[in-house]
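Enquirer: Structure below; questions to follow.
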């Protein structure tokens with residue numbers, strides 16, 4: 001309804017807005033639950049292959065953001081963690097085991113994809129889909145924009161990469177994602193790597209453990225498995241166009 005001072009919702013519009021907010025919340029929760037059940041991290045495939053080679057092993061996988069995983073390491077609730085950057089605040093033993101290719105991506109029909117020469121400055125005005133505070137990818141995105149002297153404009157803050165990916169596919173906005181996590185969508189043409197300088201980025205996956213913790217034998221075996229086989233397994237999960245020849 002238009003008023004003398006602008007536009008405001010009618011009573012019916014306010015009711016509809018409430019339903020829309022609830023639907024988006026349920027959508028987000030559903031994807032979070034499904035992602036947790038299936039294993040949101042693309043590296044789950046490595047864990048499955050290890051379990052297949054060691055059928056007597058009982059696997060317990062926990063998915064969480066960086067802060068949650070660090071807390072579990074401190075509390076010794078987990079033996080090993082796989083993350084994009086070892087925590088500097090803890091004394092840990094960390095080994096890089098695979099390349100993590102990440103990029104700013106968007107739906108092919110997003111306005112960014114029709115821009116002649118998109119840059120990080122262009123992206124700064126595009127209202128990114130980002131993870132919650134405490135996640136590693138959120139910290140990385142904030143650092144990228146801060147180092148470039150740019151203000152990060154957030155479109156939506158979501159609690160899982162799966163939710164971000166689905167919103168990105170729907171055209172809500174661009175996102176910063178690991179290419180291993182959205183290979184199917186890129187190969188199917190549902191997502192595109194934004195053609196801007198230095199995109200994608202080469203990061204690294206690390207397997208991390210407390211330096212002072214005595215590790216169970218099977219955890220040590222899995223750590224060695226990651227270091228020996230992780231690069232090959234993760235590389236095979238990349239979209240076809242970004243996969244090295246022979247992968």
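Enquirer: All but one of (1) exposed (fewer than 14 other Cβ atoms within 10 Å of the Cβ); (2) in contact with a helix residue (DSSP H, G or I) (Cβ under 6 Å, 6 or more places away or on another chain) hold for residue 190, so report the exception by its number.
Expert: (1)
Enquirer: Taking the options 152, 179, name whichever one is closer than 23 Å to residue 242 by Cα and touching a strand residue (DSSP E or B) at 6+ places or on another chain (Cβ under 9 Å).
Expert: Working: 152 fails: closer than 23 Å to residue 242 by Cα.
Unique residue meeting the criteria: 179.
Enquirer: Let me ask another. Quick check on the stretch 119-138: of everything there that is in a loop (DSSP other than H, G, I, E, B) and surrounded by 18 or more Cβ atoms within 10 Å (Cβ to Cβ), which residue is modelled with the lowest pLDDT? Talk me through it step by step, then tell me what you get.
Expert: Initial filter on the stretch 119-138 (in a loop (DSSP other than H, G, I, E, B)): 119, 125-127, 132-135.
If we keep only those that are surrounded by 18 or more Cβ atoms within 10 Å (Cβ to Cβ) as well, we get 126, 135.
On the way: 126: 87, 135: 84.
Looking at residues that are in a loop (DSSP other than H, G, I, E, B) and surrounded by 18 or more Cβ atoms within 10 Å (Cβ to Cβ), I get 135.
Enquirer: Sticking with this one: Quick check: anything in the stretch 97-112 surrounded by fewer than 16 Cβ atoms within 10 Å (Cβ to Cβ), touching a residue at least 24 places away in the same chain (Cβ under 8 Å) and in contact with a strand residue (DSSP E or B) (Cβ under 9 Å, 6 or more places away or on another chain)?
Expert: Pass one, the stretch 97-112, residues surrounded by fewer than 16 Cβ atoms within 10 Å (Cβ to Cβ): 108-109, 111.
After this cut, where a residue has to be touching a residue at least 24 places away in the same chain (Cβ under 8 Å) as well, the list is 108-109.
Then drop every residue that is not in contact with a strand residue (DSSP E or B) (Cβ under 9 Å, 6 or more places away or on another chain), which leaves 108.
Yes, that holds for at least one residue.
Yes or no, residue by residue, for (1) part of a loop (DSSP other than H, G, I, E, B); (2) farther than 28 Å from residue 239 by Cα; (3) touching a helix residue (DSSP H, G or I) at 6+ places or on another chain (Cβ under 9 Å); (4) at pLDDT 55 or above:
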| position | (1), (2), (3), (4) |
| --- | --- |
| 13 | no, yes, no, yes |
| 20 | no, yes, no, yes |
| 33 | no, no, no, no |
| 52 | no, no, no, yes |
| 61 | yes, no, yes, yes |
| 71 | no, yes, no, yes |
| 98 | no, no, yes, yes |
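Enquirer: A further question follows. Considering the stretch 225-247 alone, what residues qualify as being surrounded by fewer than 16 Cβ atoms within 10 Å (Cβ to Cβ), modelled with pLDDT of 80 or more and in a loop (DSSP other than H, G, I, E, B)?
Expert: Of everything in the stretch 225-247, just one residue is surrounded by fewer than 16 Cβ atoms within 10 Å (Cβ to Cβ), modelled with pLDDT of 80 or more and in a loop (DSSP other than H, G, I, E, B), namely 236.
Enquirer: Please work out if residue 141 is crowded, with 17+ Cβ neighbours inside 10 Å and more than 12 Å from the chain's Cα centre (by Cα). Steps first, please.
Expert: Values: crowded, with 17+ Cβ neighbours inside 10 Å: yes; more than 12 Å from the chain's Cα centre (by Cα): no.
Against the criterion (crowded, with 17+ Cβ neighbours inside 10 Å and more than 12 Å from the chain's Cα centre (by Cα)), residue 141 does not qualify.
Enquirer: Another one. Touching a helix residue (DSSP H, G or I) at 6+ places or on another chain (Cβ under 6 Å), in contact (Cβ under 8 Å) with a residue 40 or more places away in the chain, within 20 Å of residue 178 (Cα to Cα) and not in a strand (DSSP E or B), is that true of residue 87? Steps first, please.
Expert: Values: touching a helix residue (DSSP H, G or I) at 6+ places or on another chain (Cβ under 6 Å): yes; in contact (Cβ under 8 Å) with a residue 40 or more places away in the chain: yes; within 20 Å of residue 178 (Cα to Cα): yes; not in a strand (DSSP E or B): yes.
For residue 87, the condition - touching a helix residue (DSSP H, G or I) at 6+ places or on another chain (Cβ under 6 Å), in contact (Cβ under 8 Å) with a residue 40 or more places away in the chain, within 20 Å of residue 178 (Cα to Cα) and not in a strand (DSSP E or B) - is met.
The values are calculated or read from the model by the stated rules, or taken from the named source; none is laboratory data. The shown structure was predicted, so the numbers you read here are calculated from the model rather than taken from an experiment. As a convention, Cβ positions derive from the backbone with ideal geometry for all residues, glycine included, and neighbour counts pool all protein chains shown.
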